[in-house]
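Working notes, structure below.
Just so it is clear, none of the values below were taken in a lab; they were calculated from the coordinates. The model shown is predicted, which means the values in this text are computed figures rather than measured ones. For neighbour counting, all protein chains shown are included, and Cβ atoms are generated from backbone atoms with ideal geometry for every residue, glycine included.
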Amino acid sequence: MQKARIIVGLGSCGIASGGKKVYEQLQQGIVSRGLDLAIEETGCIGMCYNEVLVDVILPAGKTTYKQVIPEMADRILDEHIVEGRIISEWTITQEDEVCLDRQQRIVLRNCGKISPESIDEYMEQGGYRAIEKVIKGMSPEMVVDEITLSGLRGRGGAGFPTGVKWGFANKSIGDKKYFICNADEGDPGAFMDRSVLEGDPHSIIEGMLIGGYAIGANHGYIYVRAEYPLAIKRLKIAIEQARTHGFIGQGICGSDFSFELEIKEGAGAFVCGEETALIASIEGSRGMPRLRPPFPAISGLYGKPTNINNVETLANIPWIILNGADGYASFGTEKSKGTKVFALAGKIQRGGLVEVPMGMSLREVIFDIGGGIAGTGKHEFKAVQLGGPSGGCIPSSLLDTPVDYDSINQTGAIMGSGGMVVMDNTTCMVDIARFFLNFTQNESCGKCTFCRIGTRRMLEILERIVAGNGLEGDIELLEDLAQNIRRTSLCGLGQTAPNPVLTTLKYFKSEYESHIKQRRCPAKACKELISFAIIDERCKGCGLCIKVCPCGAITGEKKKLHVLDVDKCVRCGQCVAKCKLEAIIKVDRW
Amino acid sequence: MGCRCSDSFNRNRLSAILSEYQGKSGGLIPVLQKAQNVYGYLSEDVMLKIADGLEIKPSVVYGVATFYTQFRFSPVGEHIIRACHGTACHVSGAENITRVMTDKLGGLEPGGTTADMKFTLDKVACLGCCSLAPVVMIDNDVYGRLNEARVEEILALYR
Ligand SMILES: Cc1cc2nc3c(=O)[nH]c(=O)nc-3n(C[C@H](O)[C@H](O)[C@H](O)COP(=O)(O)O)c2cc1C
Ligand code: SF4
Ligand code: SF4
Ligand code: SF4
Ligand code: FES
Ligand code: FES
């Protein structure tokens, strides 16, 4: 029988949705009622669209309330806790539960279940038993073999087999070796790693311990981006707890294996996610990639053999050790084993984190689990962006593509770290390409000419296209630059920077052509190519639009038809959002 | 506003930070981060003292500091607003949110600070709360599912 308790979701999304106030309100209510009830916090369960989530666990079972606001706290305590009646109109729906049921949770096994600040709860779920098993009964080489057999591939983007990588570092000779966890999560639109760090930090520590043992490293670093203060805080707590329990330090689990662990805070540079740049950054230099070989396994941090793995990769490790390579390999496809976590965001109904077996189709992930396009059915799916600045946009005709490394690569996108940004017909594909080029152009470290200047030139071309000043031949120019940037860049950033342009050109060329030839943006998203107009028959003269217009472009008397002065309008779109009668629309400008 | 490092309290804090990292490898970035926490930004004076303290060339300190977007070289406002312009926020209307922000803050453009030193406005590349897009972070608090109308509401909490 479980003890009675209330658990509040306090991942970043939960906090952003007001979770702390809900927590305080519940806490006060418990005290003022004198209830014998514990209140705890947990990380991200993945249903971020339903935050704030509150679990009530009574001997009779568990109930989850969604979209809780502080005002709901009293009723939950009075009706549910005191009188024993579940408030059914506030609980998560069957649909929400189906979404959870279709997932396979290995990486997220503890996220949203345990308190991330409690090592005891982690250990109750089998935590730190994998490192014990490894130390007491496996040689480093056996660990390497087990991970190789599992088929686990790196989740940081490139998909390199983790066991093989560990094998290199294991064989590499050095008086000191390092094990680094890459928690720089730079892809804008991805947040899997943050959720794991915030929701289950001990699993990363345990994964690193096992990796350190396997390659013979006694020193580890976790390189976390500075934008994740909560993740850093919880990692620090977890490291201290692991130290007090004897999992970090000298003589771990009674053996002669020792391991020290430090957090390094990033300072804001996307390129530092690249492993050689990350190493330079830990060493205190500018984070600029260098030529490989030598690979970090031979000469990495301070010239010593070094292994680098992504957060999600590491979270898999303890599970594989406890459940066996076969258990892991039973999920997924022939060449992509196990599960993958995806961060669903953008124009999606149920945004959040999902973990599914590799090989599930994009359609299942986006529509069956994610609930499809957000809103009331007015808009349709246009594309899904995978792999961030290194990836591409996959159109609806390819929605049946299975999510595994090779199938996604064939579309021209990449699996990347697992960010899936869904776009509907109001998103302009040329603008998205411009958006990513702006990003990579900004983040290029500047070492290679084509990456530094070529991306700048591509951006300029895209900027003139979205402004309606595109020229005949611009598409060819983009393609030409893309090939050269690809060929002549040193690191992944430059090599993949053209992907967003190439995939949108491949699947949405007509949008480019409309912009260039007709000065038309089919999605009506590019500001320079649209104007706003009021439909006479629809406007009832409520005056709401006048109130929000920042530049006095709309005039009209109450209850009379309003008029919009195109010359004064700065095309901010606020009036469109405000008008309840949908009387204001976007029209082609030219 | 001049450099604040001349007051002895803060000067001591810089010395304390420096002594913690002297002779250690990889110390420059943490020192810059901690110094920025104390002073709010990195003045030329502070960077020179850091170069001195860690016995590295000032050009190296400057080179590293300017490489990373976290470091600032002019004083910041009391509250830092980070408007997310990552992919998810971009497709969910981040551009409009930031524009309204600029309007409400007397024309403050991203990268700048209001004349009363109350607010600094920055564009950032993803705050990791993409499912709540569009997102804005003020100091350490994250605000999600924003719309134009809510901008003034959240700004008011800091005015
Ligand atoms: C520009 C660039 C940015 C990268 N950013 C990240 C990142 O944020 N997180 C990450 O884990 N890997 C990132 N990588 C991949 C790493 O270089 C490296 O392959 C990975 O951390 C290895 O771990 P894995 O084998 O577990 O995937 C990036 C690579 C490049 C070229
Ligand atoms: S490809 Fe770009 S980011 Fe990578 S090393 Fe060259 S210039 Fe730097
Ligand atoms: S908000 Fe719509 S209905 Fe009201 S005055 Fe404006 S256009 Fe007319
Ligand atoms: S789009 Fe903006 S500027 Fe133009 S009329 Fe509407 S509110 Fe006014
Ligand atoms: S952060 Fe709470 S469900 Fe995602
Ligand atoms: S894209 Fe804005 S929070 Fe991630």
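Taking 0.36 nm per intervening residue step and subtracting the Cα-Cα distance, what contour gain separates A:H245 from A:I173 on full extension? Mind showing how you got there, number by number?
Working: separation 72, 0.36 × 72 = 25.92 nm, distance 3.09 nm.
Working it through step by step, the gained length comes to 22.8 nm.
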(request) Please report, to two decimal places, log10 I(q)/I(0) for region B:88-156 at q = 0.13, 0.14, 0.25 Å⁻¹ as given by the Debye formula with identical point scatterers on the Cα atoms and no solvent. (result) -0.32, -0.38, -1.24
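Could you work out the relative contact order of chain A? I mean the mean sequence separation of Cα pairs under 8 Å and 6+ apart, divided by the number of residues, in percent. Show your work: numbers first, answer last.
Details: 1235 pairs, mean separation 66.1, N = 590.
Relative CO of chain A lands at 11 percent.
How big is chain A by the Kirkwood estimate over distinct Cα pairs, in Å? Before the final figure, lay out each step's value.
Numbers: mean 1/r = 0.0385 Å⁻¹.
Over chain A, the inverse of the mean reciprocal pair distance is 26.0 Å.
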(request) With r as the distance between the Cβ atoms of A:Q94 and A:A577 and R0 = 45 Å, compute the FRET efficiency 1/(1 + (r/R0)^6) and round to 0.05. (result) 0.90
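Can you tell me how region B:7-67 classifies by the Cα gyration tensor, rounded, prolate or oblate, using a/c under 1.5 as the rounded cut? Could you put the intermediate results ahead of the total?
Numbers: a/c = 1.56, a/b = 1.19, b/c = 1.31.
Here region B:7-67 falls in the oblate category.
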(request) In whole Å, largest first, what are the principal axis extents of the Cα atoms in region B:1-134? (result) 48, 32, 22
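Among the GluC sites (Glu not before Pro) within region A:371-477, which fall in a DSSP loop and have no more than 13 other Cβ atoms within 10 Å of their own Cβ? Provide the component values of the computation, followed by the final result.
On the way: sites: A:E380, A:E443, A:E460, A:E463, A:E472, A:E476; in loops: A:E380, A:E472.
Taking region A:371-477 and a limit of 13 other Cβ atoms within 10 Å, the loop GluC sites (Glu not before Pro) found are A:E380, A:E472.
Given the pairs A:K447/B:K24; A:K21/A:K62; A:K113/A:K378; A:K21/A:K378; A:K20/A:K586, which span a C-alpha to C-alpha distance of over 30 angstrom in this model?
Details: A:K447/B:K24 28 Å; A:K21/A:K62 22 Å; A:K113/A:K378 36 Å; A:K21/A:K378 35 Å; A:K20/A:K586 40 Å.
Check vs 30 Å cut-off fails for A:K113/A:K378; A:K21/A:K378; A:K20/A:K586.
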(message) Can you give the log10 of the normalised intensity I(q)/I(0) at q = 0.11, 0.13 Å⁻¹, computed with Debye over equal Cα scatterers of region A:119-329?
(response) -0.46, -0.65
(message) Looking at chain A, identify the longest residue range that excludes and avoids all trypsin sites (Lys or Arg not before Pro) in DSSP loops having at most 12 other Cβ atoms within 10 Å.
(response) A:86-377
(request) Rank the residues A:L544, B:L127 as a footprinting-exposure proxy: fewest other Cβ atoms within 10 Å of their Cβ go first. (result) A:L544, B:L127
(request) Over the alpha-carbon set of region A:339-424, work out the extent along each principal axis and list the three values in angstrom, largest first. (result) 35, 22, 22
(message) What are the extents of the Cα atoms of region A:5-92 along their three principal axes, in Å, largest first?
(response) 30, 23, 20
(request) For region A:80-116, state which GluC sites (Glu not before Pro) are in a DSSP loop and have at most 16 other beta carbons lying within 10 Å of their beta carbon. (result) A:E83
(request) Could you point to the residue in B:P110, A:G159, A:I147 farthest towards the positive end of the protein assembly as shown's charge dipole, with +1 and -1 charges on the Cβ of Lys/Arg and Asp/Glu respectively? (result) B:P110
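Please list, by residue number, every one of the GluC sites (Glu not before Pro) in region B:1-90 that is coil in DSSP and has at most 13 other beta-carbon atoms within 10 Å. Intermediate values should be presented prior to the final figure.
Values: sites: B:E20, B:E44, B:E55, B:E78; in loops: B:E55, B:E78.
Within region B:1-90, the qualifying GluC sites (Glu not before Pro) (loop, at most 13 other Cβ atoms within 10 Å) are B:E55.
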(message) Across region A:275-389, what fraction of all alpha-carbon pairs, as a whole percent, falls in each successive 10 Å bin from zero upward?
(response) 11, 28, 25, 25, 9, 1
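Report the antiparallel proportion of the DSSP beta bridges in the protein assembly as shown as a percent, rounded to a multiple of 5. Don't skip to the end; give the middle numbers.
Numbers: 44 of 76 bridges.
Within the protein assembly as shown, antiparallel bridges account for around 60 percent of the total.
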(request) Working from the alpha-carbon coordinates of region A:527-588, get Rg over Rh, Rh being the Kirkwood radius. (result) 0.91
(request) For region A:251-310, just run the numbers: alpha carbon Rg, then divide by 2.2 N^0.38 Å, N being how many residues it has. (result) 1.30
(message) Tell me the relative contact order for region A:236-294 as a rounded percent, counting alpha carbon contacts under 8 Å between residues six or more apart.
(response) 18 percent
(request) With the Cα gyration tensor of region A:41-200 in hand, give its eigenvalues times 5 under a square root as the equivalent ellipsoid semi-axes, listed largest first in whole angstrom. (result) 40, 18, 14
